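Nothing in this text is a laboratory measurement; each read-out follows from the coordinates by a stated rule. No experiment lies behind these values; they were computed from the predicted model shown. For neighbour counting, all protein chains shown are included, and Cβ atoms are generated from backbone atoms with ideal geometry for every residue, glycine included.
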Amino acid sequence: MRVIGVPRRRVDARAKVTGQTRFADDIVLPRMAYCKLLRSPHPHARIRKIDSSRATAHPGVYLVLSGKDLPIEYGILPVSEDEQALCVDHVRHVGDPVAAVIAREELTAFEALGLIDVEYEMLTTISDPEEALATPAPRIHDYGEEGNIHKRVSLEFGDVEQGFADADEVFEDTFFYQGNTHLPIEQHASVAIKDPEGKLTIWSSTQTPHYLHRALAKVLRMLPGHIRVIATPNGGGFGGKSDPFNHEIVVAKAALLLDRPVKICLTREEVFYCHRGRHPVLMKFKTGVKKDGTITGMHLQTLIDGGAYGSYGVASTFYTGALQTTTYHIPRYKFQGCRTFTNKPPCGPKRGHGTVQPRFGQEVQLDKIAEKLSIDPADLRLRIAESSNAVTANFFRLSVVNLSECIRRVVKNSDWKEKFRKLPEGRGVGLACSAYLTGAGLPIYWNKMPHSGVHIKFDRGGGVAVFCGATEIGQGSDDVLAGIVAEVLGLDTFDIRLYTGDTDLGPVDLGSYSSRVTIMAGNAALQAAERGRAIIAEAVAERLAIPKERLRFADKRVFDSAAPEKGVTFGEAVRLAEARFGTIGTMGSYTPPKSPALYKGGGVGPSPTYSYTAAVVEVIVNPATGWITVPKIWIAHDIGCALNPTLVRGQVEGSVYMGLGEALMEEQEFRRLPKKLSHALVHKFPSMLEYKSPTSLDMPEVMTELIEEPDPRGPFGAKEVGQGPLLPIMPAVANAVYDAVGVRIDEVPITPEKIMKALAEKKASREPRFGPSHFPHVDWPEALRVPPPWEGGDGNAVNDVPRPSKPKPEKEKVLSS
Amino acid sequence: MMRLPLFDFRAPRTLEEAARILDGEGTQAMPLAGGTDLLPNMKRRQQVPKTLMSLRYIEELNHIRMEHSGSRLGACVTLADIAANMHFRNGLTALAQAASLVATPHIRNMATLGGNLCLDTRCNYYDQNYEWRKAIDFCLKKDGDTCWVAPGSPKCMAVSSTDTAPALIALGGRVRLVSRTGEREVLLADLYNNDGLDYIKRKPNEILAEVLVDSRHGWKSTYWKLRRRGSFDFPVLSVAAAARISESGVIEDVRIVIGSAASRPLVAVDAATFLVGRTLNTDSIAEAAVLAARIAKPLDNTDFDMSWRKKVTGEFVTFALRELQGDDVRSERESFMRTRSL
Amino acid sequence: MISITLPTESQKSAHIRLRLNGEETDVSFAPYKTLLEVLREDLGHTGTKHGCELGECGACAVLVEGKPVLSCLLLALECDKKSVLTVEGLGTDGKLHPLQDAFADLGAAQCGYCTPAILVTAKALLDQNPNPSRDQIREALSGNLCRCTGYQQIFEAVEAAIVKIAGERND
């Protein structure tokens, strides 16, 4: 292969290093107006009255919008369409938008916000899930399970109590994972126009143009065919630009009303209010093991702080329990999850969506188990690692699993055997592993159509244009498409033109989320390219009078592999084909394989294949202050095939970076003022300065190794890399802290203060630990009982109400992200 | 994009002209030096001066004069210039270290010494956008009447967050304040009030024109800064220490200053008194650390837990004194500062 | 209690001349604007980005008189007669600067949003010190947040550019 597997310059690199990549806020159009949103200063209130007359009259103001102008509810999941572009009568968190000003200058729009008079009636504020459980009224939303519980799930795969009865030891641990946010350096921005034909075009920094397209059609009551969404390259996404957002809908509406371009670019503070970041999750793990480390059963409970809206929350809830079974063999598994509404910006999908928090708990608990059983934590994991082609207790079909190889590599590279429990006091190493989806097996709304489509147009000049809805968010999706097409057609990636992220030009791709682009858009591109190659080969074979099987596409030529000098240029080949068959264009599409998980909720977690990662983190902890530094990290990732190793390494290192930020310092924290003095519940620090993203001085050296055994499900064998490598970092840090100073930090982030508190406990001969100790009572529903495959289960629950014979449209199904 | 509010702009060429402008405009005008503190505050509408008076064009504020008797630094000398100036390695190390640890390289290229000494006090309830502050009904420092850090407090508890002031106080620095009617020299240790609102004794019509430091030949000094990350962050605790130690190891003179633990830098008088006449050893350092840490009263309005910051105060004093004693504390320094430079 | 005063005269205009990427450039703009806003909005140089406008991310870095500064905290009014270098001015004669080449080849730009600021900052470093150590590179770039890369490929790209520049100098 000449392109695939070769470290190379990404196809969009030149634009990025010359500053020519056109991000949404770089778009400037004639007569463009600026939009600013007025946001609620109250965490929970009814809107009594909005008077915008003073703002409307202000010089330079073109338009003021409020909730009544855009009342239709929308939301990323059909089961939780609970957002309004501008709140009509109910604000649910500080920062919820209530009105919009569109003006000639951005400064004017900002100033006119102060001229809108809003009367609020305060409502009781709910700041965390425990409070939500205890406060059924007032309800933040009038849908969901009951009170302020948004979603409750209970699933049991085999008799978990029997699992505990079979165990030699049973471990119970409680963990807390604090919320954090994506913090893309690019603030969300959108520009909308009413185009000359009267239709709507919007450029937006979105990861999911197709879902934005759907939301716009719904809220604006327009034919989807009259709306064009162009996802501009995202200046970082990480999941934070995957929902349709209120500001996108507002500028679209304003552009239609004003018949002039309207732009919005959020301030950093507003980006914190969009949030959709990591859910804070309280977790309780009960795990039974045999003396040799074999797991006999696991019961996981999660209590999830959802924030003020649904977002991806139903999927997030399932994700906090879905992937525990995909790393280690768990014969009996029970999962109960509960997501509550709170008066804070909504949580959603951040890199590793929903799986990061329980992965932390599971990997730290395994470290405790290993110690108790006197087994090296690496050896323990090698004993229980899942194997290729297994079907898990919850009916996820695994493909190639190279977890064990990942573990062996990091053990070797880090000199683990010489370090673990052997370094001097204050220094330690920790190990952890993970698995992650390579694309969600089901779309967000129920349908049987492909998840990704690619159209390739062959020009008689030899040009190849690739059209696809896939969205470039920095991860390199354009390069994946170009690389695959170039490899198949024997071209250079720079010979290929890409038209991506545009709902008008390309076939639908569901978006850049759930690590799905490489496998889904990649497979679609592979199919389209192979179809094109077959057409061209037919014509060239005819001209060269050789069997088409002997043809080779390489070095921008199509030639006889038996006599390479005999052949034509690629351009000539296209002309031959066009003369023979007419204009050449091919299509490819991809739909994931059917999942055997047929039970309700089984839509979250299936994936064509899973990536695996193992990491070793070394830490230095100052015992007098708890100050923690990380000098080095070793990581191995089971990638299947690295389509462009330069970009794959970048994704691994970037994941490590983001994971380390979460592990040590990043927090989406809120502050409630003394209740008798104030109603306030605010984000503690909605700023880049106080939301601590590690700098170049805080980042350790990272040693990356890629494990490449091609996975038959992936294009050229490739699996995901954008999210999985983040997961082991936090637990590996926690385990390393224990190795260094003998205290358990069962909470993320792992800060010097917490280490000091645990060290004080240790000194006082109490449990050397910092973390939560209690899990509140939740009224769990009766568990859906699904017998695992080895107990003869067929993937259905045995106690579920029968499904309606015909699936109801959209709202019926819980789907994934 | 966050936008500045409107303002009138003045750019005097001489100190005299500048003093005249400030005198005429009163509190409505604010001097603008590097802008790295004032402009963010203006964008957040914490400070909304009617007039911005640039100091950038006043030649005499840009000098560094090093003489036998001491140094004179113009207020508009940038922190990068100080950090890069090798003359500050001898005796004045603490100043060079403090300057080199402010914010980021970019900000140090812009921010000035005078600006860092006049830095507005900081607080998590105050350094926020207008909309955020509205959500808490504002605070005592700006537009409100409650100090949310300590709701019973009659006084604003915002934190002195300058790096260079503790260092310069330890070095016995002075500032020259110039107004239309005259000028005065103030010992830096006397420049600040322990009040987050009224934190500096510079009058609105005065320009902080120059910093003066007597020769510290024979002295050693050091600066330790606590913050979450290796750059960007303001100090949430700092310790500056300077000492003259005789050849036999006896401390002849010493100053220890705790920064970012109150609304002004705190001089650890008891610790210094205790140390003079003694030699630095494990016991004396431990005792001095206890005495110095006692005065630090961090509150819950910066990054990190306040009781932990208090705990680290003693550790930092220990590191600083050990360093002056000649111990090798480079690994601790590198670990906390996350940098090998200086 | 409202602390925002509404403008009385919002369209006053200021004028400066600067040397932008080597070219004498005149520009008129609203006087409250920072260099960042004038570059992006009044001069059409959108290569320089913004992530906070408060000096907390480094995405807006440009070189003024050869030194990396934050354009979001610099009044355009104060840039009269100054030389300003942005990412648009890095390459010469249609050729990429060695730093740009190395960043493109070695994965130092992922989303590319922080890249322009990091490139000009690295250029200033290499202009001043042609052979910096890894630690010096780390230090010089410590005012530029990158959320994508974890910085490692950025360091490697700067080091590759150092070698390339040294090679060009010897040719």
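Which residues does a label at A:GLN20 reach in the stretch C:70-94, if reach means a backbone N under 18 Å from a point 7 Å past the Cα toward the Cβ? Flagged as within label range: C:86-94. Here's the list of lysines a cross-link from A:LYS194 could span, going by alpha-carbon distance under 22 Å and ignoring same-chain residues fewer than 8 apart: A:LYS36, A:LYS68, A:LYS218, A:LYS253, A:LYS263. Farthest towards the positive end of the charge dipole of the stretch A:516-598, among the residues A:LEU544, A:ALA528, A:ALA573, is the Cα of A:ALA528, using unit charges on the Cβ of Lys, Arg, Asp and Glu.
Restricting the trypsin sites (Lys or Arg not before Pro) of the stretch A:568-653 to loop positions (DSSP other than H, G, I, E, B) with no more than 12 neighbouring Cβ atoms within 10 Å leaves A:LYS594. With an a/c value of 1.5 or above and a/b larger than b/c for the gyration tensor axes a ≥ b ≥ c computed over the alpha-carbon atoms, the stretch A:335-473 is described as prolate. For C:LYS81, the lysines whose Cα falls under 18 Å of its own Cα, not counting residues fewer than eight places away in the same chain, are C:LYS33, C:LYS67. Residue-wise HN-Hα couplings along the stretch A:571-576, as the Karplus relation 6.51 cos²θ - 1.76 cosθ + 1.60 with θ = phi - 60° gives them from phi, are x, 4, 4, 5, 5, 4 Hz; Gly and Pro carry x. Here chain A is treated as a Stokes sphere of Kirkwood radius computed over C-alpha pairs; at 4 °C and 1.567 mPa s its diffusion coefficient rounds to 47 µm²/s.
The charge dipole of the protein assembly as shown, taken about its Cα centre with unit charges on the Cβ atoms of Lys, Arg (+1), Asp and Glu (-1) only, comes to about 640 debye. 3J(HN,Hα) along the stretch B:25-40: 8, x, 6, 6, 10, 10, x, 10, 10, x, x, 6, 9, 5, 5, x Hz, from the Karplus curve 6.51 cos²θ - 1.76 cosθ + 1.60 with θ = phi - 60°, whole Hz, x for Gly and Pro.
For the segment C:90-98, counting C-beta atoms of other chains within 10 Å of every residue's C-beta and taking the mean gives 1.
The stretch A:744-769 and the stretch B:64-83 have Cα centres separated by 46 Å.
Amide H to amide H, with H built 1.01 Å from N, B:ASP8 comes under 5 Å of B:THR51, B:LEU52, counting only residues 5 or more places away or on other chains.
Backbone phi angles across the stretch A:589-604, fed through the Karplus curve with coefficients 6.51, -1.76 and 1.60 (θ = phi - 60°), yield HN-Hα couplings of 8, 9, 10, x, x, 5, 9, x, 7, 9, 5, 5, x, x, x, 9 Hz in residue order; Gly and Pro are listed as x. The Cα atoms of chain B give a gyration tensor whose axes a ≥ b ≥ c have a/c of 1.5 or more with a/b no greater than b/c, which makes the shape oblate. Report note on the peptides A:52-60, B:72-80, C:79-87, B:181-189: ranked by the mean count of other C-beta atoms within 10 Å, highest first, their order is B:72-80, C:79-87, A:52-60, B:181-189.
Taking amide H atoms as placed 1.01 Å from N in the peptide plane, the amide H of A:ILE126 lies under 5 Å from those of A:ASN343, each 5 or more residues away in sequence or on another chain. Checked against a 25 Å cut-off, the cross-linked pairs A:LYS344/A:LYS719; A:LYS763/B:LYS225; A:LYS16/B:LYS43; B:LYS50/B:LYS201; A:LYS754/B:LYS134; B:LYS43/C:LYS12 give Cα-Cα distances beyond that limit for A:LYS344/A:LYS719; A:LYS763/B:LYS225; A:LYS16/B:LYS43; A:LYS754/B:LYS134. Taking a straight line from the alpha carbon of A:LYS548, these lysines sit under 19 Å away, with near neighbours fewer than eight places off in the same chain left out: A:LYS556, A:LYS566.
Mind jotting down the distance between the C-alpha centroids of the stretch B:291-320 and the stretch A:101-146, whole Å? Taking the Cα centre of each part, the stretch A:101-146 and the stretch B:291-320 sit 38 Å apart.
Need the C-alpha centroid separation for the stretch A:224-282 versus the stretch A:618-664, integer Å. First find each Cα centre; the distance between them is then 30 Å. Positive contributions from Lys and Arg (+1) and negative ones from Asp and Glu (-1), summed over other residues with Cβ under 13 Å from the Cβ of A:GLY567, come out at +3. In chain A, if the dipole is taken from +1 on Lys/Arg beta carbons and -1 on Asp/Glu beta carbons about the Cα centre, which of A:PRO424, A:ILE407, A:LEU266 is farthest to the positive end? Toward the positive end, the furthest listed residue is A:LEU266. The stretch A:449-590 gives an Rg/Rh value of 1.00, both radii derived from C-alpha positions and Rh following Kirkwood. Taking the square roots of five times each eigenvalue of the Cα gyration tensor of the stretch C:18-171, the equivalent ellipsoid has semi-axes of 26, 17, 13 Å, listed largest first. A Cβ-based charge dipole, computed about the Cα centre of the stretch A:449-590 with Lys and Arg at +1 and Asp and Glu at -1, lands at about 440 debye. Classify the stretch A:1-58: rounded, prolate or oblate, from the alpha-carbon gyration tensor (a ≥ b ≥ c, eigenvalue square roots; a/c under 1.5 rounded; otherwise prolate if a/b is larger than b/c)? Taking the square roots of the gyration eigenvalues as a ≥ b ≥ c, the stretch A:1-58 is oblate.
Near the amide H of C:ALA14, within less than 5 Å, lie the amide hydrogens of C:PHE29, C:ALA30, all on another chain or at least 5 residues away, with H placed in the peptide plane. Across chain B, Cα pairs under 8 Å and at least six residues apart give a relative contact order of 15 percent. Per residue of peptide B:40-47, the mean number of Cβ atoms on other chains within 10 Å of the residue Cβ is 4. Each of A:GLY476, A:SER374, A:LEU223 was placed along the dipole of the protein assembly as shown (beta-carbon charges, centred on the mean Cα), and the one lying farthest toward the positive end is A:LEU223. Among the residues of A:5-17, the average count of other protein chain beta-carbon atoms within 10 Å of the residue beta-carbon is 6. Look at the alpha carbon pairs under 8 Å that are at least 6 residues apart: their mean separation over the length of the stretch B:70-210 gives a relative contact order of 23 percent.
Relative contact order of chain A: 17 percent, from C-alpha pairs under 8 Å at least 6 residues apart in sequence.
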